[in-house]
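Encoded as structure tokens, the structure appears first; notes follow it.
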Amino acid sequence: MEGVDHLAHERNKAQFDVAVMKAVWAGSRDAYELFHRFSRLVANDPEMFIPAIKAQATEEQQKQWLPLANKMKIIGSYTQTELGHGSNVRGLETTATFDPKTDEFVLNSPTLTATKWWPGGLGKIATHALAHARLIIDDKDYGVHGFLVQLRSLDDHLTLPGITIGDIGMKYGSGAYNTMDNGSLIFDHVRIPRNQMLMRLSQVTREGKYVPSNVPRQLSYGTMVYVRQKIVFDASIALSRAVCISTRYSAVRRQFGSHNGSPETQVIDYKTQQARLFPLLASAYAIRFVSEWLNSFYKDLLQRLEAKDFSTLPEAHACTAGLKSITTSVAADGIEECRKLCGGHGYLTSSGLPELSAVYIPACTYEGDNVVMLLQVARYLMKTISQLKSGNKPVGTTAYLGRAEQLMQYHSDVLRAEDWLKPNVVVEAFEARAARMSMACAQNLSKFNNPEDGFQELSADLVEAATAHCQLIIVSKFIEKLQQDIPGKGVKEQLGVLRSIYALFLLHKHIGDFLSTDCITPKQGYLANEQLRSLYSQVRPNAIALVDAFNYTDHFLSSVLGRYDGNVYPKLYEEAWKDPLNDTSIPDGFHEYVQPMLKQPLHHGRL
Ligand SMILES: CCCCCCCCCC/C=C\CCCCCCCC(=O)SCCNC(=O)CCNC(=O)[C@H](O)C(C)(C)COP(=O)(O)OP(=O)(O)OC[C@H]1O[C@@H](n2cnc3c(N)ncnc32)[C@H](O)[C@@H]1OP(=O)(O)O
Ligand SMILES: Cc1cc2nc3c(=O)[nH]c(=O)nc-3n(C[C@H](O)[C@H](O)[C@H](O)COP(=O)(O)OP(=O)(O)OC[C@H]3O[C@@H](n4cnc5c(N)ncnc54)[C@H](O)[C@@H]3O)c2cc1C
């Protein structure tokens, strides 16, 4: 019935202050703010074009271009990826050749594979590109740099001479990403003034002299670091949306279990449903908290860079790359699991889950393919370990590697299931697992004469070690979050339950790592799983309140299954009747194609 809260009985079970939990979830950033930016992003790509200008342009160039971009007087596309290269930025083929006679760069796409391919906004709407191209001076190749290139007339939006642009076509399913005009671009000797090379990091003089950057060349990758840390926050939004839908629906849905006319069982009360759903609920909170930490770490990096302090740049790259990889994989897989948790109705468009999945899953690829990103983390870990011998003391997220010798002797002292509720017990186990996996890789790498050959040969193991490292970061940041002063009845306790679920679910899922590295015994692994089951029972009465704390409106969720009031069945039915197919009783084509078959005379008793 309209106006009735069909989930009121669930909300009344909450054992914590939901208003405070809403504030804890919202943290320092508002999901709506980012969602609306995402909506604008789907039409445009200010998320990267503008930050890239800030990161790579001189003050003078920023004064010229930022006001135009901020006021949407020009619409920019971050144009880096090509048909032949995306991950390998240093392999990009587009060229920008300096012409000293005219003080210009000539942009050209020398091969088909040099065609710019995928940049958002490029296909139909962007008027300008921040094009990444190989700087060529006197036939010498100085590598990939950024160039501002006008693509279309600001009068009639027609493409300019030498510019061939198109949309790359439909993408995965009918998802909203098809509202993004990811485009293709071929340059045919397009001339731009020398001052349209972004020259904050390196310069080309009027005489054609290349002035190399006096700061790490990787700062030219800064926009990708910026977006990766933002994508971690997005992962918490996307996963929490799916978890909200599937948790509310799991409380509404009843199946089997009726005795003597009693109501059937709520599917949220099945242990299998809880074992699939509650780790995702815990993961949404875990990703949110690690995104808050990563954002503050990133802001600290920016301040340091301003002071020419590059000391945390390598760690920032490793953390943004690794956490982007882990959190987008968890979110993408989690959204699909949430669809399955809703049974058949989860496959309806009106559930909101197919669309969310179709829009979200490219996050595992864009801004860095997730495996390529984890390999970057692995390089950082191997480099950190190689420097231990020279007395280098790791700090920050790799500080535990400074205790590698001690961790190699570690054995969990868990005796009872409840011992796994102690944060220090959990962190030690995760540190030991990560350290032993990385040390084992380093040990194996040392057997290779050529370190690069070794890295390639061991890359699958290295990815697993990088994953263990990133999971340790997320577990640690969840624990650190709860060391903060969090007011409100029962709030910290509930978050503590989610923290333990997150960690013990990971331990259970990766039990092979913990056993094969001899960090824990099979018995201790068994006790962790026992504890996990008990934790699910503690979350159960709070599940609806915990997803209410995401504070998403029905409009934002756009899901009949995830409605706040749980009034699912009437709305499912109502939504179905909005389908144009139901405008008529007899479907188009029936009379032409189906009826003649039905009218066919029977031959010898057979059709
Ligand atoms: C439905 C849910 C909606 C919810 C609403 C939310 C609202 C959303 C708001 C918007 C947010 C998100 C949406 C985003 C939209 C999509 C945009 C996508 C755009 C793109 O995809 S742009 C193109 C991205 N491309 C890439 O990421 C390319 C990946 N490749 C690379 O980064 C590099 O090629 C590389 C893999 C890192 C290798 O680079 P390179 O060969 O130069 O380096 P080496 O491996 O040899 O390492 C050399 C040295 O440099 C260090 N290093 C490498 N990269 C960096 C870096 N970025 N920063 C610092 N240092 C770096 C590396 O560690 C080595 O150091 P060492 O020498 O070992 O010390
Ligand atoms: C929706 C969407 C939006 C995008 N928007 C933009 C944009 O606005 N601007 C832009 O410039 N680009 C954009 N891109 C492109 C995106 O950044 C690239 O697709 C991404 O970086 C992955 O690169 P790739 O396609 O070359 O993948 P590849 O690297 O070709 O990956 C293919 C396979 O090879 C593996 N692989 C590659 N290298 C290695 C290695 N060294 N070791 C082990 N395995 C490896 C990968 O893991 C993967 O399994 C977008 C892409 C998508 C899907």
Taking Lys and Arg as +1 and Asp and Glu as -1, residues besides Asp167 with C-beta under 12 Å from its C-beta add up to +1
For segment 379-449, the per residue accessible area (1.4 Å probe, Å²) is 53
Relative contact order as a percentage, the chain, C-alpha pairs under 8 Å and 6+ apart, gives 17
Ignoring ligands and nucleic acids, Thr127 exposes an accessible area, probe 1.4 Å, in Å² to the nearest 10, of 10
Taking the reciprocal of mean 1/r across every pair of different Cα atoms in the chain, the Kirkwood radius in Å is 26.9
Counting only DSSP loop positions in segment 202-287, the chymotrypsin sites (Phe, Trp or Tyr not before Pro) whose Cβ has at most 11 other Cβ atoms within 10 Å are Phe256
When the charge dipole of the chain is computed with +1 on Lys and Arg Cβ and -1 on Asp and Glu Cβ about the Cα centre, the Cα farthest towards its positive end, among Ile520, Ser296, Val20, belongs to Ile520
The rounded separation in angstrom of the Cα centers of segment 260-332 and segment 394-415 is 23
Hull volume per residue for segment 394-492, using the convex hull of the C-alpha atoms, in Å³ is 121
Length-normalised contact order of segment 74-215, Cα under 8 Å, at least 6 apart, in percent, tallies to 27
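Leaving ligands, DNA and RNA out of it, rank Phe297, Phe147 by accessible area with a 1.4 Å probe, largest first.
On the way: Phe297 30, Phe147 0 Å².
Sorted descending by solvent-accessible area, the residues read Phe297, Phe147.
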Here, chymotrypsin sites (Phe, Trp or Tyr not before Pro) of segment 404-509 satisfying both criteria (DSSP loop; at most 16 other Cβ within 10 Å) are Phe448
Taking His345, His411 and ranking on accessible area (1.4 Å, protein atoms only), highest first, one gets His411, His345
Among trypsin sites (Lys or Arg not before Pro) in segment 252-346, those in a DSSP loop whose Cβ has at most 10 other Cβ atoms within 10 Å are Lys308
Dividing the helical contributions, -39500 (n - 2.57) per DSSP H run of n ≥ 4, by the residues of the chain yields a 222 nm value, nearest 500 deg cm²/dmol, of -15500 deg cm²/dmol
Note to self: with every protein chain in place and a 1.4 Å probe, segment 74-215 gives an accessible area per residue in Å² of 44
Computed for the chain: size of charge dipole around the Cα centre, +1 on C-beta of each Lys and Arg, -1 on C-beta of each Asp and Glu, debye to nearest 20, value 780
Taking only C-alpha positions in segment 74-215, Rg and Dmax in angstrom work out to 15.2, 52
Heavy-atom accessible area of the chain with neighbours in place, 1.4 angstrom probe: carbon+sulfur share in percent works out to 56
Counting Lys and Arg as +1 and Asp and Glu as -1 over every other residue whose Cβ sits under 11 Å from the Cβ of Ala57, the net charge comes to +1
The pairs in Lys383/Lys477; Lys124/Lys171; Lys230/Lys299; Lys299/Lys477; Lys71/Lys308; Lys116/Lys324 lying past 19 Å Cα-Cα in this model are Lys383/Lys477; Lys71/Lys308; Lys116/Lys324
Sorting Glu59, Glu367 on solvent-accessible surface, 1.4 Å probe, most exposed first, gives Glu59, Glu367
Binned at 20 Å starting from 0, the alpha-carbon pair-distance distribution of segment 222-546 in whole percents comes out as 30, 57, 12, 1
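The values are calculated or read from the model by the stated rules, or taken from the named source; none is laboratory data. These figures come from a predicted structure and were not determined experimentally. All Cβ positions, glycine included, derive from the backbone under ideal geometry; neighbour counts span all protein chains shown. When the accessible area is computed, the model is the full protein with side chains, heavy atoms only, and any ligands, DNA or RNA have been set aside. Shrake-Rupley method; radii C 1.70, N 1.55, O 1.52, S 1.80 Å.
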